[in-house]
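Asker: Can you keep this structure in mind? I'll have questions shortly.
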Amino acid sequence: MAKTIISEGKTTNEAIEKGLKELNVSRKMVDIKVLESEDKRSFFSILAPRVVKVEMTLKENTMEKHHEIRPKKEIVLSEEEQEKAKENIDKFLTELKAELPEDTTYSIKTEKNAIYVYLNSPSLGFLIGYRGETLYALQNILTAVAGKGIDNKVRVILDIEGYKAKREKTLEELAEKVAKTVIRTRKPVKLEPMQAYERKIIHTELQGNDKVETNSIGEEPYRRIVISLKK
């Protein structure tokens, strides 16, 4: 039987967001029915607290699919596929390097589960972009390039000037700082929208905390984490 909950809020959107947080799913994974709308208020109830109720029911086949961190099918590349992917990336980066600062260097490391690419130069900040947006876009391009002529799916992990390691440390520190705030104030805190890779860092950092829990709400590219006290 599909799971159904009743969620309340001062507005319809607030009630829906609370329900999504409780179910830990995205909006497209539930059927929503507004039970009490903020628009249907009489003159005599105008001074009463505004409460909107919505009924939210998980769609079929979503009960096991809504977790933020879920196992993925392992990608295993043969030695021939690794070499082909490396050649594809090397050719692309050789051409790209001509358009980058002269001191730019790169290296490619092949493994059976992924191809790791490292770009280095103090002048490559523009290729990282705000919160790594440009870096992830380039990573997607490299993934497409690497897979040319290969039947298997190729996973490319790109890092520029050690950005990801620095970002990971920043996010871990943020997670701990916000967790302390939630424990002190007893109020949940919403973080800014993040990439799935970055949300996973937050989840992992706090999964051993016995006082707070993390849940993801919203839809891409605005999906974000809420840190709250454990019930």
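The values are calculated or read from the model by the stated rules, or taken from the named source; none is laboratory data. Computed from a predicted model, the values in this text were never measured in an experiment. Note: ideal-geometry Cβ built from the backbone for every residue, glycine included; neighbour counts use all protein chains shown.
Asker: Under 6 Å by Cβ, and 6 or more places apart or on different chains, what pairs join a residue from region 147-176 that is free of Cβ contacts under 8 Å to residues at least 60 places away in the same chain with one that is part of a helix (DSSP H, G or I) and of a type in the set (S, T, N, Q)?
Answerer: Leu158/Gln139
Asker: Taking region 29-56, which residues are among the charged types (D, E, K, R) and either at pLDDT 75 or above or surrounded by 12 or more Cβ atoms within 10 Å (Cβ to Cβ) (or both)? Give the derivation first.
Answerer: First pass over region 29-56, keeping only residues among the charged types (D, E, K, R): 31, 33, 36, 38-41, 50, 53, 55.
Within region 29-56, Asp31, Lys33, Glu36, Glu38, Arg41, Arg50, Lys53, Glu55 meet the criteria.
Asker: In addition: Restricting attention to region 121-130, and to residues there that are touching a residue at least 24 places away in the same chain (Cβ under 8 Å) and in a loop (DSSP other than H, G, I, E, B), which single residue is nearest to Lys166 (Cα to Cα)?
Answerer: The qualifying residue nearest to Lys166 (Cα to Cα) is Ile128.
Asker: Among the numbered criteria (1) within 16 Å of the chain's Cα centre (by Cα); (2) buried (at least 18 other Cβ atoms within 10 Å of the Cβ); (3) not in a strand (DSSP E or B), which single criterion is violated by Thr214?
Answerer: It is condition (3) that Thr214 fails.
Asker: As an exercise: evaluate Pro101 against (1) out of contact with any Pro (no Cβ under 9 Å at 6 or more places or on another chain); (2) over 26 Å from Gln195 (Cα atoms) and give the number of the one condition it does not meet.
Answerer: Here Pro101 clears every test but (1).
Asker: Quick check: is even one residue across region 181-197 touching a Leu at 6+ places or on another chain (Cβ under 8 Å), part of a helix (DSSP H, G or I), closer than 30 Å to Asp90 by Cβ and modelled with pLDDT of 90 or more?
Answerer: No.
Asker: Is there any pair with a first residue in region 104-120 that is under 15 Å from Gly162 (Cα atoms) and a second that is acidic (Asp, Glu) whose Cβ atoms are under 7 Å apart and which are 6 or more apart or on different chains, and what are they?
Answerer: Going by the 7 Å Cβ cut-off, the qualifying pairs are Ile108/Asp90; Tyr118/Asp159; Asn120/Glu161.
Asker: Here is a follow-up. Across region 90-116, which residue is surrounded by the most Cβ atoms within 10 Å (Cβ to Cβ) among those that are touching a helix residue (DSSP H, G or I) at 6+ places or on another chain (Cβ under 9 Å) and part of a loop (DSSP other than H, G, I, E, B)?
Answerer: Thr104
Asker: Another question about this same structure. In the list Thr134, Thr62, which residue meets the criterion of being at pLDDT below 95, under 16 Å from Gln195 (Cβ atoms) and not small (Gly, Ala, Ser)?
Answerer: Details: Thr62 fails: under 16 Å from Gln195 (Cβ atoms).
Unique residue meeting the criteria: Thr134.
Asker: Go through (1) surrounded by fewer than 15 Cβ atoms within 10 Å (Cβ to Cβ); (2) of a type outside the set (A, V, I, L, M, F, W, C); (3) under 16 Å from the mean Cα position of the chain (by Cα); (4) in a loop (DSSP other than H, G, I, E, B) one by one and return the number of the condition Glu133 breaks.
Answerer: Every listed condition holds for Glu133 apart from (4).
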